[in-house]
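First the structure, in the form of structure tokens, and then the observations on it.
The values are calculated or read from the model by the stated rules, or taken from the named source; none is laboratory data. If you're wondering where the values come from, they're calculated on a predicted model, not measured in any experiment. Cβ coordinates were reconstructed from backbone atoms using ideal geometry, including for glycine residues, and neighbour counts include every protein chain displayed.
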Amino acid sequence: MKFVFIPPGTLMMGSPEDEPERFNNETLHKVTLTKGFYMQTTTVTQEQWKAVMGNNPSYFKGCGDKCPLENVSWDGAQAFIAKLNQDGSDEYRLPTEAEWEYACRAGTDTRYYTGNAEDDLNRAGWYNANSGSKTHPAGEKEPNAFGLYDMHGNVWEWCQDWYGKYPADAVVDPIGPDDGSFRVRRGGSWFYAAGYCRSAYRYYDSPDYRGNRYGFRLALSPGQQVR
């Protein structure tokens, strides 16, 4: 697994009211992240999952080892992380929703990290208009300025947070609600239209829900060793 360091910084999280295909749960607000973190350059692949868990729940097994692991729930992602962290280090984790959007945008304020048009999305990710109704090997499209691949499309990515309404005021190091019924998913997938792959788009599902559009990537807090 390869990680890159994401430096601390500030972003306007969410979307402006005039952004095309915007949803009302994308309230624009200032977020400051005071600590840098590491982010996996791609989503967890089928090969990486098999090496840790000894099985492969993916629907698109024929896509190959370098393709994203999918058909995994939030709970399943946590089981994978627990196995990685079984020495008690608690090193690996899911990114928070704020970390995810900050890492996805990589300093941009456009609909996608490559621009605003659907042609820009085509350069960055696999979605319903170009995917051929299937996943594709990780890292084939254009990365963002941080060196992250597939933040738009291919598979949805689970985040750590419970889903909740955004605040209107500025926040520092948000981690989402204290509890809830649904976990956040981000990024869109091979099945979804362009508007659902925007940097700001957010949705949710039950932590035990899994499907062939769902995967995840890992984060790592600063000061910890990438294994």
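Annotations
- For the residues 28, 33, the requirement of being surrounded by 14 or more Cβ atoms within 10 Å (Cβ to Cβ), without any contact (Cβ under 8 Å) to a residue 60 or more places away in the chain and of a type outside the set (S, T, N, Q) singles out 28.
- Scanning the range 130-185 for residues that are in contact (Cβ under 8 Å) with a residue 24 or more places away in the chain, of a type in the set (Phe, Trp, Tyr) and closer than 21 Å to residue 103 by Cβ, we see that the one that is surrounded by the most Cβ atoms within 10 Å (Cβ to Cβ) is 158.
- Pairs with Cβ under 6 Å, 6+ apart, first in the range 190-206 and within 13 Å of residue 21 (Cα to Cα), second crowded, with 19+ Cβ neighbours inside 10 Å and among the small types (Gly, Ala, Ser): 196/188; 197/125; 197/153; 197/188; 200/14; 200/15
- Scanning the range 128-172 for residues that are β-branched (Val, Ile, Thr), in contact with a helix residue (DSSP H, G or I) (Cβ under 9 Å, 6 or more places away or on another chain) and within 16 Å of residue 67 (Cα to Cα) returns a single hit, 135.
- Here residue 15 passes the criteria (1) in contact with a Gly (Cβ under 8 Å, 6 or more places away or on another chain); (2) within 26 Å of residue 112 (Cα to Cα) except the one numbered (1).
- Candidates 127, 163, filtered to the one that is in contact with a Cys (Cβ under 7 Å, 6 or more places away or on another chain) and not basic (Lys, Arg): 127
- Those strands (runs of 3 or more DSSP E) of the range 153-227 in which at least 3 residues are under 16 Å from the mean Cα position of the chain (by Cα), at negative phi and of a type in the set (Phe, Trp, Tyr), considering only elements entirely within it, cover 156-162.
- Residue that is farthest from the chain's Cα centre (by Cα), among those in the range 38-87 that are over 14 Å from residue 213 (Cβ atoms) and of a type in the set (Asp, Glu): 87
- Residue check, residue 163 farther than 22 Å from residue 206 by Cβ and at pLDDT 95 or above: no
- Taken as a whole, the structure places residue 76 among residues that are under 25 Å from residue 190 (Cβ atoms), touching a residue at least 24 places away in the same chain (Cβ under 8 Å) and not β-branched (Val, Ile, Thr).
- Scanning the range 64-83 for residues that are surrounded by fewer than 19 Cβ atoms within 10 Å (Cβ to Cβ) and either among the hydrophobic types (A, V, I, L, M, F, W, C) or touching a Cys at 6+ places or on another chain (Cβ under 8 Å) (or both) returns 79, 82.
- Qualifying residues in the range 6-20 (those that are out of contact with any Ser or Thr (no Cβ under 9 Å at 6 or more places or on another chain) and in contact (Cβ under 8 Å) with a residue 40 or more places away in the chain) - the one surrounded by the fewest Cβ atoms within 10 Å (Cβ to Cβ): 20
- Single residue of 128, 144 found to be closer than 30 Å to residue 171 by Cβ and part of a loop (DSSP other than H, G, I, E, B): 144
- Just one of the listed residues (168, 200) is more than 18 Å from residue 44 (Cβ to Cβ) and at pLDDT below 95, and it is 168.
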